[in-house]
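One structure is given here, and the rest of the page talks about it.
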Amino acid sequence: MSTHQQDMSLVTSTPINNGNQIFPEIEMSGDSSSIVRATVVQACTIFYDTPATLDKAERLLAEAADNGSQLVVFPEAFIGGYPRGSSFELAIGARTAKGRDDFRKYLASAIDVPGPEVERMAEMARKYKVFLVMGVIEREGYTLYCSVLFFDSQGQFLGKHRKLMPTALERCIWGFGDGSTIPVFDTPIGKIGAAICWENRMPSLRTAMYAKGIEIYCAPTADARETWLASMTHIALEGGCFVLSANQFCRRKDYPPPPEYTFSGSEESLTPDSVVCAGGSSIISPLGIVLAGPNYEGEALISADLDLGDIARAKFDFDVVGHYSRPEVFSLNIKEHPRKAASFTSKVTKDETVKM
């Protein structure tokens, strides 16, 4: 590995391409052994300041592109922020004025999809000619969703994944995704999808993504424990896919000071330099080999060259939805229709005609 120090530390598993041209897009084939350079970003949101966070994202994207990356994955909730340590002053059967105002500020930091921030991210992907996978807090009306947005290297917004199952107190802050946003996108650098944090531990969700042929499995997360690497390695082996896990690295000073923002239960023990999220971002091959990371040292760009031929090599041993699936014994029914609170049917009178 080599370390390059600019605004960030750049950690790569192979030497940097020093040519002037970014790796071109490639054509995929069944026995492809093409190489894709991928980067996971380990960096912290500028909390309550979405425009500044977008500026930071562009700086990091530019640096990754300068080093030949074709695919860049950002952490969970990078745009909008992961409200680590915040309780929103919730208790069963009770709310507080401050907790409600904390939610108001958090809602204001979220983004609409589509919206101007999405347009800017699309332009960033086009400008730097990279496939971009970005963790965001999405706002729809007054409900928030923890989502991942996908962009191609031409600047097209491909779609989104909404977290199906928020964890613990997240469930009081974020809405639940449904089966309509579990996409796997067929791109010139491989079939790309994402699962967020602990929903990676949901076997049915993983199986749905394997059945859609995922090859580059993105896992934005907020879990910085050393045990996370075991989950990522297992998924790579189980799915016969590359796993790219991106987490934030944050210190207490990266969040607003108290009383504006309080780490419930631990604020008194924290100093401005206390690490509140240690990262642990990594890239794993379909053969279970750790190609880059985990990094627990600070903000970093963690990169590796993905040999897409390793997908076929791994599937020779184990194809979870193919020769190892036993469909006569096991089956999974996935409901992909969106769930809506209300639907409207217009009444058509006998004097009206319906235009198709």
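To one decimal place, what orientation-averaged projected area in nm² is obtained for the convex hull of the Cα set of the chain?
The Cα convex hull of the chain, projected and averaged over all directions, gives 22.6 nm².
Find how much the distance from CYS172 to LEU332 grows on full extension, using 0.36 nm per residue of separation minus their present alpha carbon separation; answer in nm with one decimal.
Taking 0.36 nm per residue and subtracting the Cα distance, the gain is 54.7 nm.
On each of the three principal axes of the Cα atoms of segment 113-164, give max minus min coordinate, whole Å, ordered largest first.
Sorted largest first, the three principal extents are 33, 21, 12 Å.
Please identify the trypsin sites (Lys or Arg not before Pro) of segment 63-128 that satisfy two criteria: DSSP loop assignment and at most 15 other Cβ atoms within 10 Å. Which are they?
Passing both the DSSP loop test and the Cβ count: ARG95.
How would segment 72-216 be classified by its alpha-carbon gyration tensor: rounded, prolate or oblate, with rounded meaning a/c under 1.5 and the a/b versus b/c comparison settling the rest?
Taking the square roots of the gyration eigenvalues as a ≥ b ≥ c, segment 72-216 is oblate.
What Cys residues in the chain are without a partner cysteine, judged by a Cβ distance under 4.7 Å?
That list is CYS146, CYS172, CYS197, CYS218, CYS241.
With a 1.4 Å probe and all protein chains left in place, how much accessible area per residue does the chain have, in Å²?
Accessible surface, normalised per residue, equals 48 Å².
Could you please state, rounded to a whole Å, how far the C-alpha centre of segment 135-161 is from the C-alpha centre of segment 266-290?
24
In straight Cα distance, which lysines are under 28 Å from LYS253, not counting same-chain residues fewer than 8 positions off?
LYS56, LYS98, LYS105, LYS163
Work out from phi, with θ = phi - 60° and the Karplus expression 6.51 cos²θ - 1.76 cosθ + 1.60, the ³J(HN,Hα) of each residue of segment 51-67, listed in order in whole Hz, and give x for Gly and Pro.
Once θ is set to phi - 60°, the couplings for segment 51-67 become x, 5, 5, 5, 4, 5, 4, 5, 4, 5, 5, 4, 5, 5, 5, 4, 9 Hz.
What's the extension gain from LYS253 to ALA108 if we count 0.36 nm per residue and subtract their Cα-Cα distance?
Using 0.36 nm per residue and subtracting the Cα-Cα distance, I get 50.1 nm.
Tell me which residues come under 5 Å, amide H to amide H, from SER86 once H is placed; ignore anything under 5 positions away on its chain.
For SER86, whose amide H was placed from the backbone, the distant partners under 5 Å are SER264.
So, in nm, how far is label HIS323 from label PHE344 when the simple model puts each one 7 Å beyond its Cα toward the Cβ?
Between HIS323 and PHE344, the simple spin-label model gives 5.5 nm.
What percentage of the solvent-accessible surface of the chain, computed with a 1.4 Å probe over protein heavy atoms, is contributed by carbon and sulfur atoms?
53
Could you tell me what percent of the DSSP beta bridges with both partners in the chain are antiparallel, to the nearest 5?
Of all bridge pairs located within the chain, approximately 65 percent are antiparallel.
HN-Hα J couplings of segment 242-256 from phi, Karplus 6.51/-1.76/1.60, θ = phi - 60°, integer Hz, Gly and Pro as x?
6, 10, 10, 10, 10, 10, 7, 10, 9, 10, 4, 5, 6, 9, x
Given 37 °C and 0.692 mPa s, compute D for segment 240-356 with the Stokes-Einstein relation, Rh being the Kirkwood radius over Cα pairs; round to the nearest whole µm²/s.
My calculation gives 162 µm²/s for D.
Using +1 at the C-beta of Lys and Arg and -1 at the C-beta of Asp and Glu, which of VAL41, VAL118, MET165 has the Cα lying farthest in the positive direction of the dipole of segment 38-179?
Of the options given, the answer is MET165.
Project the alpha carbons of segment 137-235 onto their principal axes and report the range along each, largest first, in whole Å.
Cα spread of segment 137-235 along its principal axes, largest to smallest: 38, 36, 22 Å.
Convert each backbone phi in segment 272-284 into a coupling constant with the Karplus relation 6.51 cos²θ - 1.76 cosθ + 1.60 (shift: θ = phi - 60°), then list the ³J(HN,Hα) values in order as whole Hz, x for Gly and Pro.
Going residue by residue, I get x, 8, 4, 7, 9, 8, 8, x, x, 4, 7, 10, 10 Hz, with x marking Gly and Pro.
Can you give the helix-only mean residue ellipticity at 222 nm for the chain, where every DSSP H stretch with n ≥ 4 adds -39500 (n - 2.57) and the sum goes over all residues, rounded to the nearest 500 deg cm²/dmol?
After summing the helix terms and dividing by residue count, I get -6500 deg cm²/dmol.
The values are calculated or read from the model by the stated rules, or taken from the named source; none is laboratory data. Keep in mind it's a predicted model, so treat the numbers as computed, not measured. Because the Cβ atoms are built from the backbone with ideal geometry, glycine has one as well, and the counts that use them run over all protein chains shown. Side chains are part of the model used for accessible areas, which takes the heavy atoms of the whole protein and leaves out ligands, DNA and RNA. Shrake-Rupley method; radii C 1.70, N 1.55, O 1.52, S 1.80 Å.
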